[in-house]
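The values are calculated or read from the model by the stated rules, or taken from the named source; none is laboratory data. As the structure is a prediction and not an experimental result, all values here were calculated from the model. Glycine also receives a Cβ, built like all others from the backbone with ideal geometry; neighbour counts cover every protein chain displayed. Only protein heavy atoms, including side chains, enter the accessible area calculation; ligands, DNA and RNA are left aside. Shrake-Rupley method; radii C 1.70, N 1.55, O 1.52, S 1.80 Å.
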Amino acid sequence: MPVHAAPPGILQYAIPIAIFLAVFALRARRLTRLRPLKVEQLWIVPALYTAVVAVIFYRSPPTLAGWGIAVAALLVGAALGWQRGKTMQIHVDPETHELRQRASLWALAFIVVLIAIKSVAQAEGAALHFNVAVLIDTLAALSLGVFAAQRLEMYLRANRLLAEARA
């Protein structure tokens, strides 16, 4: 007698979604707390992600049109990252001049949407007749722009707030 099993497509999406929701719930709780902001370490994530994107482009170099799309995605990502950086709350302790940050749920939701788009694009891109390599390059460049611009905006704002507190 056959056992009724869920179609493979449903499990393919349901398990990662369940894991993601659990991680998102735990992460969302931590967002409400102020955390130290180490301005001197804001460059680390963009540098690491730049290396990842460089490897992606090295292993599968884009065509000339692919480079154009990737550059456009990097610029769009930078604009989105700047806005995401502005959603991060930065506080300066007036006495100790210690910088602290609090992420917003919007900032986390933004990254979630990017990850979801990338996951669906990778899983369903070929079926929809997309050039998956160009799509991955585009999303990698977009993400790099988001990470770099967000941290640049936070760096500039934190330094400005710190200078105002010291004045």
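Summary table below
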read-out	value
Efficiency of FRET between residue 60 and residue 10 - r from beta-carbon atoms, R0 22 angstrom, step 0.05	0.10
Two-site label geometry, residue 112 and residue 132: point separation in nm, points 7 Å out along Cα→Cβ	2.7 nm
Those trypsin sites (Lys or Arg not before Pro) in region 33-104 that DSSP places in a loop and that have at most 11 other beta carbons within 10 Å	33, 38
For the chain: accessible area per residue (Å², 1.4 Å)	65 Å²
Of all accessible heavy-atom area on the chain, the percent that carbon and sulfur account for (1.4 Å)	71 percent
Within the chain, longest stretch free of exposed GluC sites (Glu not before Pro) [DSSP loop, at most 14 other beta carbons within 10 Å]	1-94
Highest-fluctuation residue, 117, 44, 15 considered, GNM on the chain with Cα pairs under 10 Å	15
Whether the chain is rounded, prolate or oblate, judged on the alpha carbon gyration tensor where a/c under 1.5 counts as rounded	oblate
Within the chain, helix-based [θ] at 222 nm, where runs of 4 or more DSSP H residues each add -39,500 (n - 2.57), nearest 500	-25000 deg cm²/dmol
Rounded accessible area of residue 23 (nearest 10 Å², 1.4 Å probe)	90 Å²
Helical segments meeting 15 Å axial Cα length and Kyte-Doolittle 1.0 threshold in the chain (DSSP H)	8-31, 44-59, 105-124
Ranking by accessible area, most exposed first, for 155, 49 with a 1.4 Å probe	155, 49
Which of 129, 91, 97 is most accessible, then next, and so on - probe 1.4 Å	129, 91, 97
Whole-Å distance, taken between Cα centres, linking region 126-167 and region 48-117	2 Å
